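The values are calculated or read from the model by the stated rules, or taken from the named source; none is laboratory data. Treat the numbers as computed from the prediction; the structure is a model and nothing was measured. A quick note on method: Cβ atoms are made from the backbone with ideal geometry, for glycine too, and the neighbour counts reach across all protein chains shown.
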Amino acid sequence: MAVRHQLVKRPREDVWAVLADRRAYAEWVTGTSESRSAEGDWPQEGASLEYDVKLGPWSLTGTTVVREEERPSRLALEVDSGRLGTARVDIEIRPWGRESSLVIVDEHPLTGLGGTVHNAAMDVVLHWRHRHMLARLAEVVEGSAGEQRGAKRRESGSRASTSRGGTHA
């Protein structure tokens, strides 16, 4: 079982803003060199994106599909890496104090080569990957790009509720 956590020094709405930005996927997912739209309105359930992983002269294209979305606390993804197989990646965002968030990633191979050879050694590799991925996510969220995304998301949410005649709780 590959479960890893990271403290991010921003509110969970700022973390969610980065996770909800399909274009930011390649900025924080370790090994991903590029991401692009596939189907649906990310990160709604059923929406997907395509990504590229480049290892030297080799390249792999995969797809990530949103399986569950509980805004702003949880995003469950299914990552399909072709012949390497599929994996379930569950990202939970918990408030931690007033200004921070605890991000927990839980990944399990489901099918293909990853599911077949999944063992303790594979979990070590996943832990290493998640350590880097969560550090990158924290950098993006805590950096100016994350602040701007969060501010834009809050601003658009405020305008949307005001235009409907409601207020934010």
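Does Arg71 satisfy the condition of being in contact (Cβ under 8 Å) with a residue 40 or more places away in the chain, surrounded by fewer than 17 Cβ atoms within 10 Å (Cβ to Cβ), over 17 Å from Leu126 (Cα atoms) and not aromatic (Phe, Trp, Tyr)? It is true that Arg71 is in contact (Cβ under 8 Å) with a residue 40 or more places away in the chain, surrounded by fewer than 17 Cβ atoms within 10 Å (Cβ to Cβ), over 17 Å from Leu126 (Cα atoms) and not aromatic (Phe, Trp, Tyr).
Among the residues of segment 33-47, just one is buried (at least 19 other Cβ atoms within 10 Å of the Cβ) and either polar (S, T, N, Q) or within 29 Å of Asn119 (Cα to Cα) (or both), namely Ser35.
Can you pull out every residue in segment 89-99 that is surrounded by fewer than 17 Cβ atoms within 10 Å (Cβ to Cβ) and farther than 15 Å from Val29 by Cβ?
We begin by selecting, within segment 89-99, every residue surrounded by fewer than 17 Cβ atoms within 10 Å (Cβ to Cβ); these are 90, 94-99.
Within segment 89-99, Arg94, Pro95, Trp96, Gly97, Arg98, Glu99 meet the criteria.
Filtering segment 25-42 for residues that are among the basic types (Lys, Arg) and either out of contact with any Asp or Glu (no Cβ under 9 Å at 6 or more places or on another chain) or closer than 23 Å to Ala2 by Cα (or both) leaves an empty set. Selection of segment 1-21 for residues being loosely packed, with under 15 Cβ neighbours inside 10 Å and among the aliphatic types (A, V, I, L, M) yields Met1, Leu7.
Keeping to segment 110-129, report how many residues are without any contact (Cβ under 8 Å) to a residue 12 or more places away in the chain, surrounded by 11 or more Cβ atoms within 10 Å (Cβ to Cβ), farther than 15 Å from Val79 by Cβ and not aliphatic (A, V, I, L, M). I'd like the intermediate steps shown before the answer.
Just the residues of segment 110-129 that are without any contact (Cβ under 8 Å) to a residue 12 or more places away in the chain, to begin with: 117-121, 124-125, 128.
From the residues that got through so far, the ones that are surrounded by 11 or more Cβ atoms within 10 Å (Cβ to Cβ) too are 117-118, 124, 128.
Applying the additional criterion that residues be farther than 15 Å from Val79 by Cβ yields 117, 124, 128.
Then drop every residue that is not not aliphatic (A, V, I, L, M), which leaves 128.
Counting residues in segment 110-129 that are without any contact (Cβ under 8 Å) to a residue 12 or more places away in the chain, surrounded by 11 or more Cβ atoms within 10 Å (Cβ to Cβ), farther than 15 Å from Val79 by Cβ and not aliphatic (A, V, I, L, M) gives 1.
Only a single item in (1) surrounded by 14 or more Cβ atoms within 10 Å (Cβ to Cβ); (2) at pLDDT 80 or above; (3) within 28 Å of Glu50 (Cβ to Cβ) is not met by Gly150, and it is number (2). Might you let me know whether segment 72-92 holds any residue that is touching a His at 6+ places or on another chain (Cβ under 9 Å) and among the β-branched types (Val, Ile, Thr)? Checked against the condition, which is being touching a His at 6+ places or on another chain (Cβ under 9 Å) and among the β-branched types (Val, Ile, Thr), segment 72-92 yields at least one hit.
Given the structure, is Asp14 of a type in the set (D, E, K, R) and either assigned to a loop (DSSP other than H, G, I, E, B) or under 18 Å from Val141 (Cα atoms) (or both)? Before the answer, list the steps.
Working: of a type in the set (D, E, K, R): yes; either assigned to a loop (DSSP other than H, G, I, E, B) or under 18 Å from Val141 (Cα atoms) (or both): yes.
Against the criterion (of a type in the set (D, E, K, R) and either assigned to a loop (DSSP other than H, G, I, E, B) or under 18 Å from Val141 (Cα atoms) (or both)), Asp14 qualifies.
Of the set (1) surrounded by 15 or more Cβ atoms within 10 Å (Cβ to Cβ); (2) free of Cβ contacts under 8 Å to residues at least 24 places away in the same chain, all apply to Ala24 but (2). In the set (1) in contact (Cβ under 8 Å) with a residue 40 or more places away in the chain; (2) more than 15 Å from Val89 (Cβ to Cβ), the condition left unmet by Glu34 is number (1).
Val79 - would you say it is in contact with a Phe, Trp or Tyr (Cβ under 9 Å, 6 or more places away or on another chain) and of a type outside the set (Phe, Trp, Tyr)? It is true that Val79 is in contact with a Phe, Trp or Tyr (Cβ under 9 Å, 6 or more places away or on another chain) and of a type outside the set (Phe, Trp, Tyr).
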